[in-house]
Amino acid sequence: MITGLGGLGGIVLGFALLVAFARSLGFYFESLGVPFGWPPVEALMAISAAVLAASAALGVIGALLPAWRVRRLEPFALIRDAAR
C-alpha cells in the first residue's frame, strides 16, 4: 500500500514537473521554430496506470519475498535469533 501511494505521489509530482517545464520548453522550442505538443491523454493515462501497477507489484514482491524465505522456520527459532 505504501509503494502504491508512493507511485501515485510520483505520478502527481511528475505531472507537476511536466506542466512546469512544458511552459519553458514550449517557449524555447517556439523560439527555434519547433512545434511543441503534449502526448495524447490516452498515452499519459496508460503510462500512469502502468507505473502505478509496477510500484504496487514491487511492494507486494518486497513484502512476500522475506515471508517466503522464512516460511519453513520455527517461530521460536526466529524469535530466539532476533534477540541476539
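The values are calculated or read from the model by the stated rules, or taken from the named source; none is laboratory data. Nothing here was measured: the structure is a model prediction, and the numbers come from that model. For neighbour counting, all protein chains shown are included, and Cβ atoms are generated from backbone atoms with ideal geometry for every residue, glycine included.
Each row is one residue, and each column tells you yes or no for (1) surrounded by 10 or more Cβ atoms within 10 Å (Cβ to Cβ); (2) not in a helix (DSSP H, G or I).
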site	(1), (2)
SER48	yes, no
ALA56	yes, no
LEU64	yes, no
LEU73	yes, yes
PHE76	no, no
For ARG23, indicate whether it is part of a helix (DSSP H, G or I), free of Cβ contacts under 8 Å to residues at least 60 places away in the same chain and among the charged types (D, E, K, R).
yes
Take the conditions out of contact with any Leu (no Cβ under 9 Å at 6 or more places or on another chain), at positive phi and surrounded by fewer than 10 Cβ atoms within 10 Å (Cβ to Cβ) and apply them to GLY37. Does it pass?
no
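Yes/no matrix, rows are residues, columns are (1) in contact with a helix residue (DSSP H, G or I) (Cβ under 6 Å, 6 or more places away or on another chain); (2) at pLDDT below 80:
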| position | (1), (2) |
| --- | --- |
| THR3 | yes, no |
| ILE11 | yes, no |
| GLY14 | no, no |
| LEU17 | no, no |
| PHE27 | no, yes |
| VAL34 | no, no |
| TRP38 | no, yes |
| ALA43 | no, no |
| SER48 | yes, no |
